[in-house]
Amino acid sequence: MASLTEARRIVVKIGSALLVNRATGALRSDWLVSLAADVAWLKGARADVILVSSGSIALGRGVLGLSGPDLALEQSQAAAAVGQIRLARAYEEALAPHGLTTAQVLVTLEDSADRRRYLNSRATLETLLSLGVVPIVNENDTIATDEIRYGDNDRLAAQVAVTVGADRLILLSDVDGFYSANPAEDPSATRYDVIDAITPEIEAMAGDAGSGLSKGGMKTKLMAGKMAIAAGCAMAITEGSALHPLKGLSNGAPATWFTAQMDPQAARKRWIAAMKSKGAITVDAGAVTALTSGKSLLPAGVSAVTGVFGRGDPVDILGPDARKLGQGLARYTAEEATAIRGRRSAEIEGILGYPGRAALIHRDDMAL
């Protein structure tokens, strides 16, 4: 099993049924206080923590008195608008006694499908984490339509884990792991402690959602697992309704761990290396030395820019002899890169008219 206290970056998905009392529609305050203590414990172990939290619609519908198993889209959006502010305040009040600052980050599927939005989301989350903030991420249900929805927070949590290069993804659920069949229907069903590969046989065992508040089922959890482990992030499914669910998991509570075969950084670099290049950036000898020692590529080391590419597109990195050194994701368009090539980072604002990023290709976005 993967260790939590040794993790560098952890994404925790929290389902609606854990946060909200199904009978009353009220927040489970005692549970949230215990979760906040667990988050503070992980932060004390020097781990970055991101919470991907359901609950806004469940909270809002209780306030608005909207009953029934299914709400119309506009009712769900109205409930989310009411619930989001309450959910954010609840997290803020639970984490503040531990000296932790929170931030609300609302996203839609479009934010990861569009490369520019994806990079902006990634930069924002990275900045928040660098400042010690605990981001609370949720789908922006007030504006999301069926066409632009994740539809469940399992896959959203996996996407967040991939975006920030997390090495642990924890799905706090209403079931204590992955079973060979639905344990509520088949008494002979057995739980898997560890799954090293998500095979067709494993996928065939997955069922659908079982909770009245939750939209995600085991199928979506397997989809999340595929996404996470491909990015080098180990994933756990564990029952989360008890107090201090993260400490419980660390102490050996029942769970299923999906193992990753490489670390997130190696997985990301492999992904970058496999992308089809849209252009090329030629660097000078000084930049070659800097890059091979693990530095980012600054505009000052660029001697030529070719091709047509946008921000976030993959480009080849060529040495002075035109030999390919590797590939990276450009932080500027081809036109912008041409304008700032050979110039110092301090000159970027004067040339482009806005303060840009210091690196043309950051070392984390580079595969040499």
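A compact table of results
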read-out	value
Of residues in segment 40-73 being among the hydrophobic types (A, V, I, L, M, F, W, C), more than 19 Å from L18 (Cα to Cα) and not in a helix (DSSP H, G or I), the one farthest from the chain's Cα centre (by Cα)	L66
Single condition A103 does not satisfy, out of (1) modelled with pLDDT under 90; (2) assigned to a strand (DSSP E or B); (3) not acidic (D, E)	(1)
Qualifying residue in segment 212-234 (condition: assigned to a strand (DSSP E or B) and within 21 Å of the chain's Cα centre (by Cα))	yes
Residue ID - farthest from the chain's Cα centre (by Cα), chosen from residues in segment 8-35 that are surrounded by fewer than 23 Cβ atoms within 10 Å (Cβ to Cβ) and either of a type in the set (G, A, S) or within 13 Å of A234 (Cβ to Cβ) (or both)	A23
K276 more than 17 Å from A358 (Cα to Cα), exposed (fewer than 15 other Cβ atoms within 10 Å of the Cβ) and of a type outside the set (A, V, I, L, M)	yes
Residue among T292, T282 that is at pLDDT 95 or above and over 27 Å from the mean Cα position of the chain (by Cα)	T282
Flag if G248 is in the same structural domain as G165 (by TED's automatic domain parsing), over 20 Å from the mean Cα position of the chain (by Cα) and either at pLDDT 90 or above or of a type in the set (A, V, I, L, M) (or both)	yes
Candidates R86, R22, filtered to the one that is assigned by TED's automatic domain parsing to the domain that holds L156 and part of a loop (DSSP other than H, G, I, E, B)	R22
Single match in S121, S76 (criterion: in a helix (DSSP H, G or I) and more than 22 Å from the chain's Cα centre (by Cα))	S76
Residue, surrounded by the most Cβ atoms within 10 Å (Cβ to Cβ), within segment 39-63, restricted to residues that are hydrophobic (A, V, I, L, M, F, W, C) and at pLDDT below 90	I57
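The values are calculated or read from the model by the stated rules, or taken from the named source; none is laboratory data. For clarity, every value in this text was computed on a predicted model and none was experimentally measured. Methodologically, a virtual Cβ is constructed for each residue, glycine included, from the backbone with ideal geometry; neighbour enumeration extends over all protein chains shown.
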